[in-house]
Each structure stands twice: as C-alpha cells, then as structure tokens.
Amino acid sequence: MADKTSFTKDEWTLLLKSPMIAGMAVTAADPSGLWGLLKESFAGGTALTKVATDSNANSLVKAVVADFSTSEGRSAARDGLKAEFAGGKPADIKTKSVESLRQVSALLSAKAPGDAAAFKTWLQQISQSTAEAASEGGSLFGGGVQVSDAEKATLGEISSALGV
C-alpha cells in the first residue's frame, strides 16, 4: 500500500488538498450564503474526523488525514489552496477544483493503484456530504432543495473526474 514516501512533495500536497477541493467544488457550484457555507465546510471537516477514528479506513486515506492533522500538513494544504484558488470567482473555483480532482485520480491510478478506488470513493463521499449539508434556495426558516441542480451537475463532474 502507498504512503507519503510513494509521492513527491508536490504530489503529496495535491493529495492533502484533495478533501478540501472535493468540498469546495460543490460549494462553489451553488454558493448558499453564510449558514450554508458553514454547514458545507463542517461536512468536509467531519469526513476528516471520521477517518481518523475509523479502524477500517484505507491506509492512504488515513495517512493523508494524519498528515493533515499536523501543523506542517495543514500549512502545506492551506498554502497550496491559496496559490491555486486565491481571488477566483465561484465558477472558476469549481472548474479548477474538478480539474484538480482529475489530476488526483490520475496520480492515484499511476502511483497507488491498490488505494486508488478507496481514496477516490472517499473524495466522492466528501462531495456528496457537502452537497447534502445545506438546503439551497430556501430562507433561514427552511424551504429550498437539499441538493440543487448545479450541485447535482457538479457531483456528476466530480464522479467523472475521479472515475467513480
């Protein structure tokens, strides 16, 4: 099974960023205001926490989460995200996010074929959880739909980019 030593520094940083990118793509597809943003961000954080305590989680997924839990790992992910997405508009962020996930998919298939399916599925699940975290198009008191058409389309793009 693959681990951090199986990848270059830049490749590992791409893997570190990938859980956040999976959620950002959905959030950027249909921005839902402050409360929606908070709920959707929390969904991604919950996915990281869940893996940390799941003894059955894929070893590469656990390695990424473990490294992300260090200040060095968080800094690498944060700096990489800033460099890639700073100043971007939501549509651009969504497009760049899907392209980054396509790169993650290719990287995993090339360097970690034994872990690729589990890692890609995990990223797709983060995207799905993010989409379901906040209703779209409603008000503070409810209404709207759980997953908007734009989010559904983005989930399809993500699944295609990841090959899942």
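Taken together, the values in this text are just the output of simple stated rules run on the coordinates, not laboratory data. Since we're looking at a predicted model, the values are computed, not measured. Cβ sites come from the backbone with ideal geometry, for glycine too, and all protein chains shown count toward neighbours.
On the given criteria, is L37 hydrophobic (A, V, I, L, M, F, W, C), surrounded by fewer than 22 Cβ atoms within 10 Å (Cβ to Cβ) and over 12 Å from the mean Cα position of the chain (by Cα)?
Working: hydrophobic (A, V, I, L, M, F, W, C): yes; surrounded by fewer than 22 Cβ atoms within 10 Å (Cβ to Cβ): yes; over 12 Å from the mean Cα position of the chain (by Cα): yes.
Yes; evaluated as a whole, the condition is true for this residue.
Where residues in region 58-87 are of a type in the set (G, A, S) and in contact (Cβ under 8 Å) with a residue 40 or more places away in the chain, which of them is farthest from T13 (Cα to Cα)?
Out of the qualifying residues, it is S59.
From T27, T5, grab the single residue that is of a type in the set (S, T, N, Q) and either in contact (Cβ under 8 Å) with a residue 12 or more places away in the chain or surrounded by 15 or more Cβ atoms within 10 Å (Cβ to Cβ) (or both).
Matching residue, one of T27, T5: T27.
Of all the helices (runs of 4 or more DSSP H) wholly in region 1-118, which have at least 3 residues that are over 26 Å from A153 (Cα atoms)?
Working: elements: 9-29, 33-52, 59-68, 71-85, 90-111.
In region 1-118, 9-29, 33-52, 59-68, 71-85 are the helices (runs of 4 or more DSSP H) which contain 3 or more residues that are over 26 Å from A153 (Cα atoms).
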